[in-house]
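See below for the structure under consideration.
The values are calculated or read from the model by the stated rules, or taken from the named source; none is laboratory data. These figures come from a predicted structure and were not determined experimentally. Positions of Cβ are generated from backbone atoms using ideal geometry, with glycine treated the same way; all protein chains shown enter the neighbour counts. All accessible areas refer to the heavy atoms of the entire protein, side chains included, with ligands and DNA or RNA removed. Shrake-Rupley method; radii C 1.70, N 1.55, O 1.52, S 1.80 Å.
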Amino acid sequence: DVQPEGVIGQYGLIGNPNSMNDYRNDDIFNDLKKKYGFKKFTGEDVEKIGPVISIDIGDGTIDFSVVDGASPVPRINSSVLLGVGNVVEEAVMNLRQKYPTYGQLNRQNFMKIALRGGDKESDAFSSFIDKPIVLLEQQIEEKVKSIFAKLSNQVGLITINGGGSPLVKKYYEKDFDNLINTLMPFGSAPILWVPPKHSQFLNLDGLEFR
């Protein structure tokens, strides 16, 4: 019984990782509740909301899957062989060319500085991501449009997680909101960007729930 990673991650949103027979109800949903004005939102909502699209953004791939309730929706899982690693690699290369004093800079430190925000160096680093991230955004958009078509636009929730999601969120959140609003003119599905502190444990949490 091999489940795609994204599916296991979605189980991690439904079940409480600390209590076997309980729905998840912790700060993983705080940003979502604040953004959409929900008084409450728990793993039970994730289970009952209808088809949930999961976008798992990794270093070298982006994985797409759909779960309805606790059942994976067949023939929709797919992957794109492009991740934030590719974007950051290109950004680092371009930065080094322009500022040779950063010749020893590695990807991890580049990411830290780019995401830090609030100062000149961070803004400059961020600007080197603007171009290479466009291709990644286009790939996400194409896949999401195709999944929406397969689901006749019946989508309850979209979740975005994985190690690359904080970087993508910084650049793409507004445009992604607009994309979903365009695809769902009669009321958009909420979008849950899983906070970084939970993102890395989501698949482990999901294994507990299965």
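When Asn161, Asn109, Asn94 are checked against the criterion of being touching a residue at least 40 places away in the same chain (Cβ under 8 Å) and among the polar types (S, T, N, Q), Asn161 stands alone in meeting it. Among the helices (runs of 4 or more DSSP H) confined to region 62-174, the ones with at least 2 residues that are open to solvent by 60 Å² or more (accessible area, probe 1.4 Å) and either within 29 Å of Gln10 (Cβ to Cβ) or among the polar types (S, T, N, Q) (or both) are located at 84-98, 107-116, 132-150. Each residue in region 179-204 was checked for being part of a loop (DSSP other than H, G, I, E, B), without any contact (Cβ under 8 Å) to a residue 40 or more places away in the chain and not small (Gly, Ala, Ser), and 4 pass.
Among the candidates Ser78, Ser65, Ser54, the residue that is out of contact with any Phe, Trp or Tyr (no Cβ under 8 Å at 6 or more places or on another chain) and within 30 Å of Gln154 (Cβ to Cβ) is uniquely Ser65.
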